[in-house]
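Remarks on the structure that follows.
The values are calculated or read from the model by the stated rules, or taken from the named source; none is laboratory data. Given the structure is predicted, the values throughout are model-derived calculations rather than measurements. Here the Cβ is made from the backbone with ideal geometry for all residues, glycine too, and neighbour counts use every protein chain on show. Ligands, DNA and RNA are stripped out before the accessible areas are found, and what is left, the full protein with its side chains, is counted by its heavy atoms. Shrake-Rupley method; radii C 1.70, N 1.55, O 1.52, S 1.80 Å.
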Amino acid sequence: MNGVNIWEQVNLDTTRGWTSGAYTELGANGYLTVETTSGVGDQAFWLDTQNSPGPINISHDFIDDTAPVDGKTAVLSFDIAKQDFDGHFTPANESFEFRIDGQTVAQIDASDLANAGEMYHYEVNIAGYADNTDNTHTLSLVDTSGYSYNGFSVDSIQINDWVV
């Protein structure tokens, strides 16, 4: 990490089309012992869910113009880790939610993650959550923990349709 930013503040609203992400912190690969699962070189960052301090509550619209058909579905996948800042870990009572159109589709508690710094991969069937009468939906990432300095590290967020 010599000579490389260990974290950076970005405006995800203007750079990536998010809402309420004007002040967002990204941790570099290896910062707080967390390795990224996406990105390459100096573009390898993960999302910090506590903006030093302050829980994030950001959202992004997406379009899903397909409806579930005979065993096919839509899947939300993501990687998440709890943090270790010099022996100060994400508190065990902290939690993070992924929401589709305001409905919680996945809640991760720090106690669900065994080792700080290790990314855990999740895949969640989201076909039953989105109202398919309107093709525009909203994915929200919400740290429900309150204020702290050690939240979660989130990476590789994807929504895929037609997974068999």
Worksheet entry | Odd one out for V164, checked against (1) within 12 Å of the chain's Cα centre (by Cα); (2) at pLDDT below 95; (3) of a type in the set (V, I, T) | (1)
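Please verify whether I108 is of a type in the set (A, V, I, L, M), more than 22 Å from S38 (Cα to Cα), in contact with a Phe, Trp or Tyr (Cβ under 6 Å, 6 or more places away or on another chain) and surrounded by 15 or more Cβ atoms within 10 Å (Cβ to Cβ), treating the condition exactly as stated.
On the way: of a type in the set (A, V, I, L, M): yes; more than 22 Å from S38 (Cα to Cα): no; in contact with a Phe, Trp or Tyr (Cβ under 6 Å, 6 or more places away or on another chain): yes; surrounded by 15 or more Cβ atoms within 10 Å (Cβ to Cβ): yes.
Judged against the criteria, I108 is not a match.
Here is a yes/no grid of residues against (1) open to solvent by less than 80 Å² (accessible area, probe 1.4 Å); (2) assigned to a loop (DSSP other than H, G, I, E, B); (3) not aliphatic (A, V, I, L, M):
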{"residue": "P91", "(1), (2), (3)": "yes, yes, yes"}
{"residue": "E97", "(1), (2), (3)": "yes, no, yes"}
{"residue": "A116", "(1), (2), (3)": "yes, yes, no"}
{"residue": "Y122", "(1), (2), (3)": "yes, no, yes"}
{"residue": "G128", "(1), (2), (3)": "yes, yes, yes"}
{"residue": "S145", "(1), (2), (3)": "yes, yes, yes"}
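Working only within the stretch 4-25, note down all residues that are open to solvent by 30 Å² or more (accessible area, probe 1.4 Å) and of a type in the set (A, V, I, L, M, F, W, C). Show your work before the answer.
Of the stretch 4-25, the ones open to solvent by 30 Å² or more (accessible area, probe 1.4 Å) are 4-9, 11, 13-20, 22-23.
V4, I6, W7, W18, A22 - these are the residues of the stretch 4-25 that are open to solvent by 30 Å² or more (accessible area, probe 1.4 Å) and of a type in the set (A, V, I, L, M, F, W, C).
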Practice prompt. Search the stretch 115-134 for residues that are closer than 20 Å to I157 by Cβ and pair each with any residue that is modelled with pLDDT under 70 and assigned to a loop (DSSP other than H, G, I, E, B) when their beta-carbon atoms are under 6 Å apart and the residues are at least 6 apart or on different chains.
Written response: A127/P68
Worksheet item: Among the residues of the stretch 30-44 satisfying the criterion of being out of contact with any strand residue (DSSP E or B) (no Cβ under 7 Å at 6 or more places or on another chain) and under 23 Å from H88 (Cβ atoms), which is surrounded by the most Cβ atoms within 10 Å (Cβ to Cβ)?
Response: E35
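When you scan the stretch 74-82, do you find a residue that is open to solvent by 60 Å² or more (accessible area, probe 1.4 Å) and either over 17 Å from S156 (Cβ atoms) or in contact with a strand residue (DSSP E or B) (Cβ under 6 Å, 6 or more places away or on another chain) (or both), even just one?
So the first thing to find is which residues in the stretch 74-82 are open to solvent by 60 Å² or more (accessible area, probe 1.4 Å), and the list is none.
Within the stretch 74-82 (the criterion being open to solvent by 60 Å² or more (accessible area, probe 1.4 Å) and either over 17 Å from S156 (Cβ atoms) or in contact with a strand residue (DSSP E or B) (Cβ under 6 Å, 6 or more places away or on another chain) (or both)), the answer is no, since none of the residues qualifies.
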